[in-house]
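Right, one structure below, let's go through it.
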Amino acid sequence: MEHIKKQAFSLESYRLECGESIPVTIGFETYGKLNAEKSNAVLVCHFFSATSHAAGKYSPEDTEPGWWDGLIGPDKAIDTNEYFVICSDTLCNIQLKNPHVITTGPSTVNPKTGEKYGLSFPSFTYRDMAGIQRELIRSLGIERLVAVLGPSAGGMQALNWAVHYPEMMDACIAVISGAQTPVLTSLAYLQSAIDAITLDPKWKNGQYATGEEPEDGLRLGLQLMHLAAFHYEWYDETFPRHAKHDVISTYDKAPPFTEKFKKAVSERMALYDANHYIYTARAAMMHDIARGFASLEEALGRIQARVLMIPCTSDLLFPPQYSRHVVEIMNRQGGCASYYEIDSPHGHMAGVLDTHLFAEPLAAFLEGKEGGIIG
C-alpha cells in the first residue's frame, strides 16, 4: 500500500446534539480507490484512544503501521483492491500532541474569543461524530456505504450510523462494543479517570498551561482504563511476579511489576491531553443509541443494515452479553443481526491486537456471506 497522506475536512458550522454550533476541522485518511460509481466505500471508525491512522505508514521510517493494518490493505479482510476505506479523527481526539492528528476540541482557539475553548467547548457525543462523518462522506460524493465498522468506540459510532442514517449503509460491524456503555464501565473506569484528572491541582479547572499539565491525574486515569482494557491472564504474563524480589521495606517503594506497569502507562500518555481525555471519556459514558427513543428496541428497530457484533470472551469493559442483547433484540424484531465471539487473553484490546481471530468472518460478512457466524 502506498504511503498514507493525512487530509483535513472542515465545516463552517455543525450543530451538536447538545444544541450548540461550532466550526469543525478533523483529519481523515483513505486507503484504496473510489470507483466510478462511488459505490465501494467503507467507513472505519477508530477506538477511544486511537486516531484516523488505521492502516499503512506515513513514511518508510515509521516503525509501526496503523492500528487495524492487519485488516485493511490489499488482499486483507477489508481489501483495498476492492474497497475505498475512509477513517476520520474524532472531535477532542486524545492524541492532541500527535503531529498527524487534526481535531477540534478544548485546545482549539474559539474564533469568537480568540482564546482556547477550554471547558467552554461544548460536550460532544458519538452520535455527533456520526453526523460529522456523514458530512465528510457526502463531501466525497458518496451517498451510500458498503459498511461502517470499528472496535470499541468505533463500534459505538458505527451503531449510531446504523440507527440515524439507516438509508446510507449496507452493513454495520461493531467489534468489542455495544448499543449502550455498561454503567459499571462508565462509573469504574470512565468517571473515575475523569475524577483522577480533575483532582490533580495542576488541572486548574481545565486552564492549565503547556508544560504545566496535570500529568499525575492523567497518568492515574490512564492506569484505571488500562487495567480494564486487558484480562487477568495478560497481566500475569506481561507484569509477572518474581519470588526472588526483596520484601518492600518502606511505603514509597513498590513491587517491580507495579513500576513496570506505571512506566508502560507513562510512555503511552506522552501524546495525550487531559481535557481531551475528559471530553472523550464523557462521550463514551453518554453512548446510548436509545437516547431520544422510547426504548432500545425502538432505536434498534430503525436499523436497515445487516449487523455483525464481535465481542471477546474476556472483555471486562463490554462483556459479550451486551453484544448478544443487540443481536437478540434485532432478530426478534425482524432485523438481520449476527454474532461472532472471539476468545483471547487480551480482553477488550483483542479487537485491535487479535484481528486474525475475526478477519475471516469479517471479510465474509462484508461480502454478504455468513459462514461461521451465528445469526
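What the table shows:
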quantity	calculated
Region 43-76: number of residues that are of a type outside the set (Phe, Trp, Tyr), in a loop (DSSP other than H, G, I, E, B) and crowded, with 24+ Cβ neighbours inside 10 Å	9
Given (1) of a type outside the set (Asp, Glu); (2) under 16 Å from the mean Cα position of the chain (by Cα); (3) in a helix (DSSP H, G or I), number of the condition LEU149 does not satisfy	(3)
Neighbours by Cβ (under 7 Å, 6+ apart or cross-chain): first from region 285-305, touching a residue at least 40 places away in the same chain (Cβ under 8 Å); second outside any helix (DSSP H, G or I) and acidic (Asp, Glu)	ALA305/ASP170
Qualifying residue in region 77-87 (condition: surrounded by fewer than 18 Cβ atoms within 10 Å (Cβ to Cβ) and of a type in the set (Val, Ile, Thr))	no
Pair list, Cβ < 6 Å and 6+ apart or interchain, from region 340-358 residues that are free of Cβ contacts under 8 Å to residues at least 12 places away in the same chain to residues that are buried (at least 19 other Cβ atoms within 10 Å of the Cβ)	LEU353/HIS346
Yes/no for GLU212 being surrounded by fewer than 20 Cβ atoms within 10 Å (Cβ to Cβ) and without any contact (Cβ under 8 Å) to a residue 24 or more places away in the chain	yes
Filtered residue count, region 192-241, keeping only those that are among the aromatic types (Phe, Trp, Tyr) and modelled with pLDDT of 95 or more	2
First in region 68-79 and farther than 15 Å from HIS53 by Cα, second anywhere and part of a loop (DSSP other than H, G, I, E, B) and β-branched (Val, Ile, Thr), Cβ under 9 Å, 6 or more apart	PRO74/THR80
Selection from region 189-218 of residues that are at positive phi and among the basic types (Lys, Arg)	LYS204
Matching residues in region 111-146 - criterion: being under 17 Å from VAL44 (Cβ atoms), touching a Cys at 6+ places or on another chain (Cβ under 8 Å) and surrounded by fewer than 22 Cβ atoms within 10 Å (Cβ to Cβ)	none
Filtered residues of region 321-336 (kept if under 14 Å from ALA299 (Cα atoms), touching a residue at least 12 places away in the same chain (Cβ under 8 Å) and small (Gly, Ala, Ser))	GLY335
Residue list for region 5-45, filter: over 24 Å from TYR117 (Cα atoms) and touching a residue at least 60 places away in the same chain (Cβ under 8 Å)	LYS6, LEU34, LYS38, SER39, ASN40, ALA41, VAL42, LEU43, VAL44, CYS45
TYR189 vs. criteria touching a residue at least 12 places away in the same chain (Cβ under 8 Å), under 30 Å from GLN223 (Cβ atoms) and not assigned by TED's automatic domain parsing to the domain that holds SER21	yes
Selection from region 48-82 of residues that are under 17 Å from THR103 (Cβ atoms) and either outside the structural domain of VAL352 (by TED's automatic domain parsing) or of a type in the set (A, V, I, L, M, F, W, C) (or both)	PHE48, ALA50, ALA54, TRP67
When residues of region 62-84 are limited to those that are in contact with a strand residue (DSSP E or B) (Cβ under 6 Å, 6 or more places away or on another chain) and of a type in the set (Val, Ile, Thr), the one farthest from ALA41 (Cα to Cα)	ILE72
Among residues of region 168-219, those that are within 30 Å of LYS369 (Cα to Cα), touching an Asp or Glu at 6+ places or on another chain (Cβ under 9 Å) and either part of a helix (DSSP H, G or I) or charged (D, E, K, R) (or both), counted	1
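The values are calculated or read from the model by the stated rules, or taken from the named source; none is laboratory data. Note that the coordinates shown come from a computational prediction; the quantities given were computed from them, not determined experimentally. Ideal geometry is used to build each Cβ from the backbone, glycine not excepted, and the neighbour counts take in all protein chains shown.
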